[in-house]
Amino acid sequence: MKQISLIFTLLILALSVNAQETTNTEEITGEALLYYQDAVNGDANAQCNLGDCYYKGQGVTRDYNQAVHWYRKAAEQGHATAQRNLGFSYHQGQGVTQDYTQAVYWFLKAAEQGITEAQCNFGAYYYNGVGVTQDYTQAVYWWRKAAEQGNDMAQNNLGFCYYHGQGVTQDKTKGIELLRKAARQGNKLAQDNLREFGYDW
């Protein structure tokens with residue numbers, strides 16, 4: 001039987017924990033300069049946006065250490081997008097030591113705030129038993145939350161579970177319905193699953 005692999009749909013961050021704030025504002029221009037002062041003053045949105053600038057090299061030299069520094073500051077204030085980004089970095093072990101326990105911690109915080117990508121990834125952790133005890137029922141719980149918000153990967157994963165009766169009472173009709181929702185959004189895995197099961201979308 002097919003295993004659902006961990007699917008991470010957003011940028012995977014190459015980040016590091018021990019960054020120090022840039023103090024030479026002459027090195028900061030454009031978009032990054034717009035966020036810098038508010039970020040230094042503790043604004044979580046500005047911190048997350050400045051982290052994005054460092055990650056992408058927009059208005060600053062690309063610096064993953066600075067990106068994680070600013071993401072962490074925002075995440076510790078409860079900023080859901082920054083929490084999701086830290087989850088990605090811990091999962092990948094890029095810029096930080098790979099640590100699934102920390103990835104679970106940050107993904108859960110973002111998932112509880114309704115970030116669908118974090119909900120979907122948290123479900124994948126439960127499905128595959130990564131950083132948590134394998135639990136199909138919990139996987140279904142988190143995928144349902146994300147699927148209800150239109151997340152195509154969660155719809156695919158939840159449809160797969162319904163089709164096979166994993167973590168939920170088997171219901172092939174509901175499984176195909178969910179897979180079709182995902183496939184119609186362009187999700188290639190859902191399209192492949194439907195083809196394999198003998199259905200169109």
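Some points to look at:
- In this structure, the amide hydrogen of VAL96, modeled 1.01 Å from its nitrogen in the peptide plane, lies closer than 5 angstrom to those of LEU15, counting only residues at least 5 positions away or on a different chain.
- Close Lys pairs in the chain (alpha-carbon distance under 28 Å; sequence gap of 8 or more, or different chains): 19.
- Between the listed residues THR137, TYR162, LEU178, the Cα displaced farthest toward the positive end of the dipole of the stretch 134-201, a dipole computed from Cβ unit charges relative to the Cα centre, is found at LEU178.
- Along the axis of the charge dipole computed for the chain (Cβ charges of +1 for Lys and Arg, -1 for Asp and Glu, origin at the Cα centre), the listed residues THR29, ASN65, THR101 are led at the positive end by THR101.
- Fully extended contour minus Cα-Cα distance, from GLN37 to GLU112, at 0.36 nm per residue: 24.1 nm
- Principal-axis analysis of the Cα atoms of the chain puts helix 80-92 at an angle of about 80° to the longest axis.
- Dipole moment magnitude, nearest 20 debye, the chain about Cα centre, only Lys, Arg, Asp, Glu C-beta charged: 760 debye
- For the chain, the longest principal axis of the alpha carbon atoms and the long axis of helix 172-184 meet at an angle near 40°.
- The order of LEU50, LEU33, LEU194, going from fewest to most other C-beta atoms within 10 Å of their C-beta, is LEU33, LEU194, LEU50.
- Potential lengthening between GLN170 and GLN98 on full extension [0.36 nm per residue; Cα-Cα distance subtracted]: 22.4 nm
- The chain shape via C-alpha gyration tensor axes, a/c threshold 1.5: prolate
- Nearest-ten-degree value, helix 136-148 long axis tilted from longest Cα axis of the chain: 70 degrees
- Mean projected area (nm²) of the alpha-carbon convex hull when the stretch 83-177 is viewed from all directions: 5.4 nm²
- For the stretch 134-201, a simple Cβ point-charge model (Lys and Arg +1, Asp and Glu -1, everything else neutral) yields a dipole of about 120 debye relative to the Cα centre.
- Estimated Rh, the stretch 134-201: Kirkwood, alpha-carbon pairs, angstrom: 11.3 Å
Every number here is computed from the coordinates shown, using simple stated rules; none is lab data. Since we're looking at a predicted model, the values are computed, not measured. Heads up, the Cβs are rebuilt from the backbone with ideal geometry, glycines too, and the neighbour counts pull from every protein chain shown.
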